[in-house]
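Okay, so here's the structure we're looking at.
Coordinate-derived values only; no laboratory data. Only a predicted model underlies this, so the values are computations on that prediction, with no experimental measurement involved. For neighbour counting, all protein chains shown are included, and Cβ atoms are generated from backbone atoms with ideal geometry for every residue, glycine included.
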């Protein structure tokens, strides 16, 4: 299966600053990647679908101008949290779908804390 | 979006006991998967059951699927303290390349 990495694994930033999170598919070309968000003691919620070479698709309620997604290559998608606020503190996880419907490869996640 | 409820939300048992978690979903699925997540960590894939299967085993895990009721259960037998984690079901549609939709999860605590 695909190996997916995320960087950084954790980050602390001050309110009002922007933070970039990278998701890399190390051994699998991914035209699509997914970004999930998980608040403490809650489940994973799909935020957006990152599409290589085109605009991301955002789930209802997710601000596209706040969560900028760039999928410039088949192995890298980035999520930038702009003007971060404490309520953006969360665990962000990306995933790469495989060729079959049952295949989904998750990154290890990035914990963002906004102070 | 989330598929539905998992129950119980929290479960506390003693080592050696069995733990059963349930998951319900709303839409048609191609398969249903169960994941484990230790506190603050990433997801670990446990088991997958296809929509045309009713039961599947893997080691101490037993998964059932009832597509007529749109529900699944995960049974962990002879639990260990190391099984302490959150467990999530996730469903996949019939279309390849789509995101998984997660249930709300069950937090399992196994005490020794």
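Which of the residues belonging to the stretch B:33-90 are in a loop (DSSP other than H, G, I, E, B) and within 12 Å of another protein chain (Cβ to nearest Cβ)?
Residues satisfying the conditions are B:38, B:39, B:40, B:41, B:42, B:51, B:53.
Looking at residue B:29, is it outside any strand (DSSP E or B) and within 13 Å of another protein chain (Cβ to nearest Cβ)?
For residue B:29, the condition - outside any strand (DSSP E or B) and within 13 Å of another protein chain (Cβ to nearest Cβ) - is met.
Within the stretch A:20-32, identify whether any single residue is over 14 Å from the mean Cα position of the chain (by Cα), in contact (Cβ under 8 Å) with a residue 12 or more places away in the chain, over 18 Å from residue B:43 (Cβ atoms) and within 10 Å of chain B (Cβ to nearest Cβ), and answer yes or no.
yes
Have a look at B:41, B:60, B:36 and point out the one that is in contact with a strand residue (DSSP E or B) (Cβ under 7 Å, 6 or more places away or on another chain) and surrounded by fewer than 16 Cβ atoms within 10 Å (Cβ to Cβ).
Unique residue meeting the criteria: B:60.
If a residue has to be under 13 Å from the mean Cα position of the chain (by Cα), within 12 Å of chain B (Cβ to nearest Cβ) and outside any strand (DSSP E or B) to count, how many in the stretch A:63-110 make the cut?
Looking only at that region, the number is 3.
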